[in-house]
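Inspection log for the structure reproduced underneath, given as structure tokens.
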Amino acid sequence: MSDTKTAEQLAGEVKGVLDARFGEVKSSLEAKQAELRGVLDARHNEIKSDLEGKHDKVKALAEEALGKAQRGEDLSNATKELADEALTALNEAKARLADLGHDRFEREVRVVQAAGAVGADQRGGLTRG
């Protein structure tokens, strides 16, 4: 018996090694994706909660202003400034929520692209980063 292997045997061994490595990388990518999703979900919920609180504050100020207007009362400068500050904070929170959504989308795309690149490498592609 000789120690020489046929090309078919070598190809089978290489395929086995590549399949194992592909499985490892795929699992790693899936774990990273789940971790990122958890972080982004937590941040999203935090910003959403903050936004809801600001919305409630603006709503309360608007109801107060409407009540005063219906009674023919003038709004004080302090009330107007408070309303302006509340609206600004609400708009900033909305912008942060929109930015987070955009960031989340970009991260998801990068994870999918990375998984595709690994798959192309596994299939014999020449993907280079």
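The numbers here are math on the coordinates, done by the rules we state, and not lab data. From a predicted model like this one, the values you see are computed outputs, not experimental measurements. Reconstructed Cβ throughout: ideal geometry from the backbone, glycine too, with neighbour counts over all protein chains shown.
Say each of R43 and A11 gets a label point 7 Å from the Cα, pointing the same way as Cα to Cβ; how far apart are those two points in nm?
4.7
Lysines near K68 by alpha-carbon distance under 23 Å, same-chain residues fewer than 8 away left out - which ones?
Candidates past the 8-residue exclusion: K54, K57, K59, K80.
List the lysines whose Cα sits under 26 Å from the Cα of K32, skipping any in the same chain fewer than 8 residues away.
Of all the lysines, those that pass the test against K32 - Cα under 26 Å, at least 8 places apart if same chain - are K15, K48.
Taking 7 Å along the Cα-to-C-beta vector as the label spot, tell me the L18-D84 distance in nanometres, rounded to one decimal.
About 6.6 nm, to one decimal.
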